[in-house]
Amino acid sequence: MTGAAKRKPQTHPSDTDLSQGEAKRSPAALRTRLVMLGMTVLFSCVAGQLARLAASPSPEMVAAITEPMARSYVRPDILDRGGRLLATDIEMPSLFADPSQVQGIDDVTERLGPVLPDLQQGELRRLLASRDRRFVWIRRGIAPKVAQQIHDLGLPGFDFRMELRRAYPLERLAGHVLGSVNVDNRGSSGIERTIDETIGVEPTLGAPSNAGVPVRLSIDLGAQHSLEDELASAMVRYESKGAAGLVMDVRTGEILASSSLPGQDPARASEVLDPGRLDKIQGGTYELGSIFKTLTVAMALDSGKAKLDTVLDVTKPLTAGKYTIKDFHPVGRPLTVSEVFLHSSNVGSGMLALAEGVEAQKAFLAKLGLMREMRTEVGPVAAPQLPKQFGRAEQITVAYGHGLAVAPIQFAAAAAAMVNGGRAVTPTYFRRRSDAPPGNRIISAETSRSLCGLLRRNVSERGGTGLRADVPGFRVGGKTGTAEMPGRGGYQEKSVVSSFLAAFPMDDPQYLVLILIFEPKGNSESGGEVLAGRNAAPTAGRVITRIAPLLGVKPDGDVATVLP
């Protein structure tokens, strides 16, 4: 052999095929990478645009995301003391529009007009012309029947959302006490507002799962209806401009009924805001006249400066500077303290106050709570209107209910202490525990018994000013008051507030009734007079005739018809 032979390099078929496959697939892989890169760039651009829009949204987007949602507040039911329903929540449709989708504003306005006649068409046009908004409320809380009529119109851009609305099944009954809610179902006055402030309410975007424990009031539905009905009748009978009254448990301060006429429908905002429908029971202050003598006699008896048989010479008028105080119906002889009360002597009442002295009189009024502001669950009580100075003239006039103006509920609380054994009470519209501790002592039990006797005599004895309030069987006691109303140029002789303070049964007083008739006319029903004995007293008697059996007071004999 001359040398080794050269070998040819060996190739494997698999290697050749792999190289050829890579060459063939390279363009496809490139295209895939390019597509993926393009999609990445595209999504990056979209994300960037979204970020830009979020940082500086357009007006349209702002309108879409900031318009109000249909949010209401869940409220608990309100019940009377017996568990009867006074207020509750119901779901009602509310109408809204998307102005950008509304077609033909003038046509829409004309078609909606007959269905919603109280809707201001100019305001509706303005709302629908707001093309930069995507949501506007048209009317919230529509009756289902009306909502169906609107639905049947088939208006583009209009729709409904269900919201909670407050319903008052007894309409105006106890309207001032219940108060009202706003368009979002939040309490704005009365008990409704107190619920928000003390219990709290929760927002909801749908049907509520739990409205909470019902709120039970001290109000008795039967007594409330009776009081309102008799006050309305009194306004017609005596042609008065207004009337008000309350029924109070003298032991606990619970208000069983409270009414002020003209009344208000808590579901009507226009009435709630009407000053002519002011709650006279705690929203106004008045000089209440001779019912104040109840307090003056109590002060004199409790201090020991006078007794029931103490004799006062009331034959001469009292003078205070340029003022002369006389009795409206002078008897013409000296009177005992009992007779001062029964004959309603202004001179005698003034003499009792003067004997006490300025500071003692002011201290007694303060102890009764008549010199400070008061508040109940219905809201703040109008502050007492006190004399700018408390001299001799003020001592005398305040003694018979002039020169100091208070809210009726504040006076009622003071009067309750005069007949309940002498203990202070705080007016409340919520039910109070029967075992609640008694209030501070205001007057002695003996003084309270003496007053109860005088009040009973004033109604039961011939010649008493409260005779027409008597209800045989229920031992009613009371005191009349007729106060001239202040006006331009002084007091108006024929423009008066006639009032009657009553309590029953006087052998063991349980309930107080206060009636006020505003500016009654002297007509055939009142013997041509405007005196309280001819209008407020018989009204109180009619109220007691109806409520006494409802409140469980047992008569001591057959109940007869109230004197006319």
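The values are calculated or read from the model by the stated rules, or taken from the named source; none is laboratory data. All values reported here derive from a predicted model rather than from experimental measurement. Neighbour counts run over all protein chains shown; Cβ positions are idealised from the backbone, glycine included. These area figures cover heavy atoms from the full protein model, side chains too; ligands, DNA and RNA do not enter into them. Shrake-Rupley method; radii C 1.70, N 1.55, O 1.52, S 1.80 Å.
Considering each of 457, 441, 462, 431 in turn, give the residue that is touching a residue at least 24 places away in the same chain (Cβ under 8 Å) and over 27 Å from the mean Cα position of the chain (by Cα). Let's see the steps before the verdict.
Working: 441 fails: touching a residue at least 24 places away in the same chain (Cβ under 8 Å); 462 fails: touching a residue at least 24 places away in the same chain (Cβ under 8 Å); 431 fails: over 27 Å from the mean Cα position of the chain (by Cα).
Of 457, 441, 462, 431, the one residue that is touching a residue at least 24 places away in the same chain (Cβ under 8 Å) and over 27 Å from the mean Cα position of the chain (by Cα) is 457.
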- [ ] Tell me which residues, restricted to the range 386-404, are open to solvent by 20 Å² or more (accessible area, probe 1.4 Å) and of a type in the set (S, T, N, Q).
- [x] 389, 397
TODO: Would you tally the residues in the range 70-95 being open to solvent by less than 20 Å² (accessible area, probe 1.4 Å), closer than 19 Å to residue 147 by Cα and at pLDDT 90 or above?
DONE: 3
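Let's see how each residue does on (1) part of a helix (DSSP H, G or I); (2) at pLDDT 95 or above; (3) in contact with a Pro (Cβ under 6 Å, 6 or more places away or on another chain):
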residue: 330; (1), (2), (3): no, no, no
residue: 341; (1), (2), (3): yes, yes, no
residue: 359; (1), (2), (3): yes, yes, no
residue: 425; (1), (2), (3): no, yes, no
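Residues in the range 366-379 that are closer than 22 Å to residue 256 by Cβ and either in contact with a helix residue (DSSP H, G or I) (Cβ under 7 Å, 6 or more places away or on another chain) or touching a residue at least 24 places away in the same chain (Cβ under 8 Å) (or both): how many?
Of all residues in the range 366-379, those closer than 22 Å to residue 256 by Cβ come to 368-369, 374-379.
Restricting the remaining residues to those that are either in contact with a helix residue (DSSP H, G or I) (Cβ under 7 Å, 6 or more places away or on another chain) or touching a residue at least 24 places away in the same chain (Cβ under 8 Å) (or both) gives 368-369, 374, 376-379.
Number satisfying all stated conditions: 7.
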Task: Selected residue (criterion: nearest to residue 484 (Cα to Cα)) from residues of the range 411-428 that are surrounded by fewer than 24 Cβ atoms within 10 Å (Cβ to Cβ) and in contact with a Leu (Cβ under 9 Å, 6 or more places away or on another chain) - done: 414
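Can you tell me how many residues within the range 314-336 are under 22 Å from residue 391 (Cα atoms) and either exposed (fewer than 14 other Cβ atoms within 10 Å of the Cβ) or within 39 Å of the chain's Cα centre (by Cα) (or both)? Even if it seems obvious, please write down each step before you answer.
Narrowing the range 314-336 to residues under 22 Å from residue 391 (Cα atoms): 314, 316-327.
Next, from what is left, pick out any that are either exposed (fewer than 14 other Cβ atoms within 10 Å of the Cβ) or within 39 Å of the chain's Cα centre (by Cα) (or both): 316, 319, 321-324, 326.
Looking only at that region, the number is 7.
So that you can scan it fast, the table gives a plain yes or no per residue for (1) over 25 Å from the mean Cα position of the chain (by Cα); (2) under 22 Å from residue 451 (Cα atoms); (3) among the aliphatic types (A, V, I, L, M):
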position: 484; (1), (2), (3): yes, no, no
position: 492; (1), (2), (3): yes, no, no
position: 513; (1), (2), (3): no, yes, yes
position: 518; (1), (2), (3): no, no, no
position: 528; (1), (2), (3): yes, no, no
position: 547; (1), (2), (3): no, no, yes
position: 553; (1), (2), (3): yes, yes, yes
Task: Conditions (1) in contact with a helix residue (DSSP H, G or I) (Cβ under 7 Å, 6 or more places away or on another chain); (2) without any contact (Cβ under 8 Å) to a residue 60 or more places away in the chain; (3) open to solvent by less than 40 Å² (accessible area, probe 1.4 Å); number of the one not met by residue 354 - done: (3)
Open item on the list: Can you pull out every residue in the range 96-152 that is part of a loop (DSSP other than H, G, I, E, B), surrounded by 12 or more Cβ atoms within 10 Å (Cβ to Cβ), within 30 Å of the chain's Cα centre (by Cα) and not basic (Lys, Arg)?
Closed with: 116, 119, 141, 142
Open item on the list: If residue 373 meets every condition in (1) outside any helix (DSSP H, G or I); (2) open to solvent by less than 40 Å² (accessible area, probe 1.4 Å) apart from one, which number is that one?
Closed with: (2)
TODO: Can you work out which of the residues in the range 337-351 that are under 21 Å from residue 462 (Cα atoms) and among the aliphatic types (A, V, I, L, M) is most open to solvent (accessible area, probe 1.4 Å)?
DONE: 342
TODO: Evaluate the range 26-39: report whether one residue or more is at pLDDT 70 or above and in contact with a Lys or Arg (Cβ under 9 Å, 6 or more places away or on another chain).
DONE: no
Task: residue 164 vs. criteria assigned to a loop (DSSP other than H, G, I, E, B) and either over 28 Å from residue 225 (Cα atoms) or not small (Gly, Ala, Ser) (or both) - done: no
- [ ] Working only within the range 405-423, note down all residues that are part of a helix (DSSP H, G or I), out of contact with any strand residue (DSSP E or B) (no Cβ under 7 Å at 6 or more places or on another chain) and over 20 Å from residue 387 (Cα atoms).
- [x] 413, 418
TODO: From the list 360, 407, 383, pick out the single residue that is surrounded by 23 or more Cβ atoms within 10 Å (Cβ to Cβ), touching a Ser or Thr at 6+ places or on another chain (Cβ under 8 Å), in contact (Cβ under 8 Å) with a residue 60 or more places away in the chain and not basic (Lys, Arg).
DONE: 407
- [ ] Exactly one condition in (1) open to solvent by less than 70 Å² (accessible area, probe 1.4 Å); (2) in a helix (DSSP H, G or I); (3) at pLDDT 70 or above is not met by residue 53; state its number.
- [x] (3)
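How many of the residues making up the range 176-206 are assigned to a helix (DSSP H, G or I) and either open to solvent by less than 40 Å² (accessible area, probe 1.4 Å) or under 11 Å from residue 266 (Cβ atoms) (or both)? Walk me through it before giving the result.
Of the residues in the range 176-206, the ones assigned to a helix (DSSP H, G or I) are 176-178, 190-199.
Okay, now just the ones that are also either open to solvent by less than 40 Å² (accessible area, probe 1.4 Å) or under 11 Å from residue 266 (Cβ atoms) (or both), so 176-178, 190-192, 194-196.
The number of residues fulfilling the criteria is 9.
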